[in-house]
Amino acid sequence: MAHSDRAVARPAPQAGIGLRAPHVAEIVATRPAVAWLEAHPENYMGGGPTVRQLDRVRETYPVALHGVGLSLGSADGIDRRHLARLKILVERIEPILVSEHLSWSRTGGAYLNHLLPLPFTEETLEVLCRHVDETQRALGRAILVENPSAYLRFHHSPIPEPEFLGELARRTGCGLLCDLNNVWVTCRNLGLDPDAWVDALSPAAVGEIHLAGHAVNEADERTILIDDHGSRVGPEVWRLHARAVARFGPVPTLVEWDTDIPALAVLLAEARQAACVMESACGAVDARAG
């Protein structure tokens, strides 16, 4: 399915946080000042008390759904049962955004508990386009696709990642979720320029930004960054965020934290800092334009 270039519809350009189980009751009870929340749909697709909790959250906050289980890059196709369950949840929650990862996690009917990387080739692009088209037809809406973190190079991966993502968006009409922590991790691990990476993306395609922390590991006399979502956003990612906002505009931005989850107040403070970066970067752009 071919599509002409077009801007992705965006919700209000504000900062939110990932909705995690330890914080749900506190959020429902105290209704803290945060613009929006993002949940992993796989935690709510079974119904029962958890999805009723999400219903309660949805009464107060806009909610986005960020999937980890569709396995868009699997050569043997999407799990249509999983897609059908996701469709039911999307219709129930009416999320402001739906996103997934540029990865694979399913083969031969078995699920692997990892978001595994893909080579950036024309063959991979054709597979992803088929699966993104199928997903968007089933859900009746465009989705966003997130760039992964990389730790090793493929022997054959001839298409630069930003170009690959842009072509996926052009061919399918999907948007892009630009995870800036992933950009930093990938570029540091593979010796690439993160500023050039951001500058190579089409602003019209970017519908959301993710921010997170990462771990620094030493192995074989090399420094390897690990995308573990287990700490505060680092200063280099905040700097990249300011550059991205200046290029893409005030895109809805989310702070993720998935391991060593801290008190809710810590995530709210990170979201406030993201909002400050957005305001400052947009103000600088306006000043130059004036």
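Given the chain, what percent of its DSSP beta bridges are antiparallel, to the nearest 5? So the antiparallel bridges amount to about 25 percent of the total. Across region 92-178, Cα-Cα distances exceeding 16 Å account for 56% of all pairs.
Working from the Cα coordinates of region 94-238, the gyration tensor eigenvalues give, after taking √(5λ), semi-axes of 25, 18, 16 Å in decreasing order. Let me check I've understood the local charge: for L264, count other residues with C-beta under 10 angstrom from its C-beta, Lys and Arg +1, Asp and Glu -1. What total comes out? With Lys, Arg at +1 and Asp, Glu at -1, the net is 0. May I ask for the percentage of alpha-carbon pairs in region 28-160 that lie more than 19 Å from each other? Here the long-distance tail beyond 19 Å is 53 percent of all Cα pairs in region 28-160.
Distances between every pair of Cα atoms in the chain, grouped in 10 Å steps from 0 to the bin holding the largest one, split as 6, 29, 37, 23, 4, 0 percent. Stretching A265 away from K87 to a fully extended chain increases their span by 60.8 nm, per 0.36 nm per residue minus the current alpha-carbon distance. Calculated FRET efficiency, C282 to A21, Cβ-Cβ distance, R0 = 25 Å: about 0.15 to the nearest 0.05.
Per-residue extension of 0.36 nm, minus the Cα-Cα distance of E221 and Y111, leaves a gain of 36.2 nm for this segment.
Dividing the summed -39500 (n - 2.57) terms of all DSSP H runs of n ≥ 4 by the residue count of the chain sets its mean residue ellipticity at 222 nm at -13500 deg cm²/dmol.
Full extension of the segment from V28 to R52, taken as 0.36 nm per residue of separation minus the current Cα-Cα distance, would add 7.5 nm. Simple point charges give the picture: +1 on the Cβ of Lys and Arg, -1 on the Cβ of Asp and Glu, and for the chain a dipole about the Cα centre of about 880 debye. Quick one: which residues, 5 or more positions from E38 or on another chain, have an amide H under 5 Å from its amide H? H modelled 1.01 Å from N in the peptide plane, none for Pro or chain starts. Residues meeting the criterion, in which the H sits 1.01 Å from N, are I17, G18, L19, A64. Considering only A204, V63, T172, whose Cα is most displaced toward the positive end of the charge dipole of the chain, charges sitting on Cβ of Lys, Arg (+1) and Asp, Glu (-1)? The one lying farthest along the dipole's positive direction is V63.
FYI, it's all coordinate maths here, none of it is from the lab. None of these values were measured; they are calculated from a predicted model. Positions of Cβ are generated from backbone atoms using ideal geometry, with glycine treated the same way; all protein chains shown enter the neighbour counts.
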